[in-house]
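Step one of this worksheet: look at the structure below.
The values are calculated or read from the model by the stated rules, or taken from the named source; none is laboratory data. No experiment lies behind these values; they were computed from the predicted model shown. FYI the Cβ positions are ideal-geometry reconstructions off the backbone, even for glycines, and counts take in every protein chain you see.
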Amino acid sequence: MKTPLEVSVECYAGYRGEQEPRAFSIGQRRIAVEEILDRWIAPDHRYFKVRGDDGASYVVRHDAAADRWELAFYRR
């Protein structure tokens, strides 16, 4: 299994304190989140399927225990 790519994520914390991604960076490239298409919770991560400002779809996930964001999936 491939290791997911760690990404830097800018978040918004709603009134319940739950974080959701607003933008993320892969290296020097910043991608703004245009829309959150789906979200789900697994035992060890919170997942967000998003559409970036580049038109691509991404799945980013947050590992709350490690306080780390990862890119799990990308489709142009």
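Tabulated data
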read-out: Filter result (surrounded by fewer than 16 Cβ atoms within 10 Å (Cβ to Cβ) and over 17 Å from Arg68 (Cβ atoms)) within region 24-41; value: Gln28, Arg29, Arg30, Ala32, Glu34, Glu35, Ile36, Leu37, Asp38, Arg39, Trp40
read-out: Residues of region 42-54 that turn out to be within 18 Å of Arg76 (Cα to Cα) and surrounded by 14 or more Cβ atoms within 10 Å (Cβ to Cβ), as a count; value: 5
read-out: Number of positions in region 28-57 that are of a type outside the set (S, T, N, Q), over 20 Å from Ala13 (Cα atoms) and not in a loop (DSSP other than H, G, I, E, B); value: 1
read-out: Number of the exception - Phe73 against (1) modelled with pLDDT of 90 or more; (2) in contact with an Asp or Glu (Cβ under 9 Å, 6 or more places away or on another chain); (3) exposed (fewer than 15 other Cβ atoms within 10 Å of the Cβ); value: (2)
read-out: Qualifying residues in region 1-23 (those that are under 12 Å from Ala72 (Cβ atoms) and of a type in the set (A, V, I, L, M)) - the one surrounded by the most Cβ atoms within 10 Å (Cβ to Cβ); value: Val7
read-out: Region 43-70, subset touching a strand residue (DSSP E or B) at 6+ places or on another chain (Cβ under 8 Å) and of a type in the set (A, V, I, L, M), residue modelled with the lowest pLDDT; value: Ala64
